[in-house]
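Only one structure is covered here, and it is reproduced in the block below.
The values are calculated or read from the model by the stated rules, or taken from the named source; none is laboratory data. Computed from a prediction, not measured in an experiment: that's the story for all the values here. Reconstructed Cβ throughout: ideal geometry from the backbone, glycine too, with neighbour counts over all protein chains shown.
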Amino acid sequence: MLKPYEEYKKIDLLWLDIIPSHWQCMRNKNILTEINVRSLDGSEELLRISQYTGVTIRRHNKSKVGMRDAETLEGYKIVKKNDIVMNIMLAWNGSTGASAFDGIVSPAYSVFRVKQDVNPWYIHYLFRIPAVTNYFKAYSTGVIESRLRLYPEKLFMLTSIIPPREEQGQIVCFLDWKLAKINKLIRAKKKQIELLNEQKQVIINNAVTKGLDPNVPMKDSGIEWIGTIPEHWKVLYLSQTATEQSISNKDIHNQNLLSLSYGKIINKDINTTDGLLPASFDTYQIVHNGNIILRLTDLQNDHKSLRVGLVTQTGIITSAYTCLLPRRNVVPEFLYLLLHSYDVCKVFYGMGGGVRQSIGFDDIRRLLIPVPPLGEQKQIADFCNAKSDFIEGLIVNIEKEILLLTEYRIRLISDVVTGKTDVRGINVPEFEYVEESIGEDGIEETVAEECETEEE
C-alpha cells in the first residue's frame, strides 16, 4: 500500500503548498535550456507532441494522409533523445513531453534540454499533470483559450519541484510500470468497444441490404458491394428517394448550432470562443428533423471520419455539407442507416474530383440503393435502433470503466510527482512498457496540427 512521506515542508507556489522536506523548488531556467538547432535538409524523422501520446513519430499518428507531401521540412527544429518538446500553444492541456527519439519538430514548438541532476522523464510526467498545466495556463498569453501561448521566457520564470536525482529515477520507473498496467487495461477495453461497434455495423449492414427474413427469395441487386437483395425490393437512384435541400440562414433566422461529429448530429455552443467558428452564421443552412446530412468534402485526405448523420431537431449547420430531404417513399431513419452503411463501406471515396476530393448531390444522385416497401423499412429501422441501443449501452458502461481508469492514472501520476506518495521503497519488477492510447479519434491531434500550421 502506498504511503505518504514522513516529513513535509511548506512552500509558496500557486499550484502547491507542501512538498517532502528533502525536495527542492527550482526555477525552470535552472532546470531547462532552450535548444534552437535547425535541420539543414529536413531529412530527419518527423516528430509531434500530443497530450495523449507525448512525443511520437509523426507517421504513426498522422490524421490526414498526404498533408505535408509537398512541403519541405528544412528549418525544422532538431530534437535529440531525452529532449523536452513543448507545443507552446497547447502547453495548457499537457502537450509537453520528453522524446524517446532523435528527429525534428515544427518550428512552432519549443525544444528544451534538461540540466545536470534532472531526469527528463520526471519533467515529462510533472509538466503534464493538471496542477502544472493549469499553472502554465495562468501564465500563458492570448485571448482565445485554444491559442494561449506559453513562451519560453515565461516558462523559465515559473517554479518546479525537484526531488533528488536518484529519487526522480525511482519515480519514473514506478510510474512507467504502473502506467503500463493501466494502459494495457484501457487498450483492452477500447478493443472491446471496437469489436462491439463492428458487431453493430454488421447487424445494420445485413438488415438494410438483406432484410430481416433469412428465408425470403433473393435477386441480384446490380450493386457490386451489396450483391443479392430480397426479390421484392426495388433498386432506385438516390435522387428517387431524396432531394437536396438548402435553406439559407441569412439574417440569422436560427442560432441552434449543429455539427456532424463521428456520424452523429450534435449541438455546439454558438457563443464559444475556441476560434474555430466563423464570425457570422448567415452562410449556414437551416436543417430540420428527418434531414440527412452528408459531409462529402476532403475525401482524399480523411478516410476515417463518419460522414452521414440524421437530424433530429431544427438548427443550422455549415453549407459545406449536403442536406437531403427524404421523399415519401422512404422512411428517413431507414435511408440514414442505409447511407451510413454506404459510408462505412467507403462507397463515396473515389467518386470526387479536385485537389480536396469533394463531391455534391449531383455526383451521387444516380447512386443505386436498395429500397424495401415502406412498412418493411420501418421494421428494419426499429430493429436496427433496438440492437444499436443495446450495444451502445454496453459501450457506455465500458467507457465509464475507461474514464475511471484514466482518472486513476492522472491521480496516480499527480500524487507521485508532487510527493503525496512515497515510492522509494517499492521494488519495480521487469515489465513491458505500454504507451498511452491516442485520444478519441485524434481530436487533439487535429487541434495541435492546426496550431502548428498557423505558426508556420
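Look through the stretch 96-125, keep the residues that are in contact (Cβ under 8 Å) with a residue 60 or more places away in the chain, within 29 Å of ASP41 (Cβ to Cβ) and of a type in the set (Phe, Trp, Tyr), and return whichever of them is surrounded by the most Cβ atoms within 10 Å (Cβ to Cβ). Among those residues, the one meeting the criterion is TYR109. Residues that are free of Cβ contacts under 8 Å to residues at least 60 places away in the same chain and among the basic types (Lys, Arg) occur at least once in the stretch 371-385. All of TYR284, TYR342, TYR349 fail the test of being in the same structural domain as LYS250 (by TED's automatic domain parsing), free of Cβ contacts under 8 Å to residues at least 40 places away in the same chain and under 17 Å from ILE223 (Cα atoms), apart from TYR342.
Which one of these is modelled with pLDDT of 95 or more, under 18 Å from TRP23 (Cβ atoms) and out of contact with any Pro (no Cβ under 8 Å at 6 or more places or on another chain): ILE161, ILE104?
Numbers: ILE104 fails: under 18 Å from TRP23 (Cβ atoms).
Among ILE161, ILE104, only ILE161 is modelled with pLDDT of 95 or more, under 18 Å from TRP23 (Cβ atoms) and out of contact with any Pro (no Cβ under 8 Å at 6 or more places or on another chain).
Among the residues of the stretch 1-36, write down those that are within 24 Å of VAL111 (Cβ to Cβ) and in contact with a Pro (Cβ under 6 Å, 6 or more places away or on another chain). Selection gives GLU34 alone. Beta carbons closer than 7 Å, at least 6 apart along the sequence or on distinct chains, pair a first residue in the stretch 308-324 that is at pLDDT 95 or above with a second that is surrounded by fewer than 21 Cβ atoms within 10 Å (Cβ to Cβ) and among the basic types (Lys, Arg) for GLY309/LYS264. Check whether at least one residue in the stretch 206-221 is closer than 26 Å to ALA386 by Cα, part of a helix (DSSP H, G or I) and without any contact (Cβ under 8 Å) to a residue 40 or more places away in the chain, and report yes or no. Taking every residue of the stretch 206-221 in turn, at least one turns out to be closer than 26 Å to ALA386 by Cα, part of a helix (DSSP H, G or I) and without any contact (Cβ under 8 Å) to a residue 40 or more places away in the chain. If you go through the stretch 281-321 and keep only what is closer than 26 Å to LYS346 by Cβ, more than 19 Å from the chain's Cα centre (by Cα) and of a type outside the set (S, T, N, Q), you end up with VAL287, GLY290, ILE292, ILE293, LEU294, LEU296, LEU310, VAL311, ILE317, ALA320, TYR321. Applying the set (1) modelled with pLDDT of 90 or more; (2) in contact with an Asp or Glu (Cβ under 6 Å, 6 or more places away or on another chain) to SER221 leaves exactly one unmet item: (2). Go through the stretch 142-158 and report how many residues are of a type outside the set (Lys, Arg), out of contact with any helix residue (DSSP H, G or I) (no Cβ under 6 Å at 6 or more places or on another chain) and at pLDDT below 95. Going through the stretch 142-158 one residue at a time, the tally reaches 5.
For the stretch 386-400, filtered to residues that are touching a residue at least 24 places away in the same chain (Cβ under 8 Å) and under 19 Å from the mean Cα position of the chain (by Cα), the residue that is farthest from GLN199 (Cα to Cα) is GLU399. Residues in the stretch 281-326 that are surrounded by fewer than 17 Cβ atoms within 10 Å (Cβ to Cβ) and either aliphatic (A, V, I, L, M) or in contact with a strand residue (DSSP E or B) (Cβ under 6 Å, 6 or more places away or on another chain) (or both): LEU306, SER319, ALA320, LEU325. When the stretch 21-46 is filtered for residues that are assigned to a strand (DSSP E or B), over 18 Å from PRO164 (Cα atoms) and out of contact with any helix residue (DSSP H, G or I) (no Cβ under 6 Å at 6 or more places or on another chain), the ones remaining, listed by number, are THR33, ILE35, ARG38.
Among strands (runs of 3 or more DSSP E) lying entirely in the stretch 88-188, which contain 3 or more residues that are within 26 Å of the chain's Cα centre (by Cα) and either not polar (S, T, N, Q) or not assigned by TED's automatic domain parsing to the domain that holds ILE49 (or both)?
Working: elements: 96-98, 103-105, 109-114, 159-162.
Qualifying strands (runs of 3 or more DSSP E): 103-105.
Annotation note: Cβ proximity below 9 Å between a residue of the stretch 246-259 that is more than 18 Å from GLY290 (Cα to Cα) and assigned by TED's automatic domain parsing to the domain that holds VAL287 and a residue that is among the aliphatic types (A, V, I, L, M) and assigned to a loop (DSSP other than H, G, I, E, B) (sequence gap 6+ or interchain) occurs for GLN255/ILE270.
Tell me the residue from VAL172, VAL208 that is closer than 27 Å to THR53 by Cα and surrounded by 15 or more Cβ atoms within 10 Å (Cβ to Cβ), please. Outline the logic, then answer.
Working: VAL208 fails: closer than 27 Å to THR53 by Cα.
Only one candidate qualifies: VAL172.
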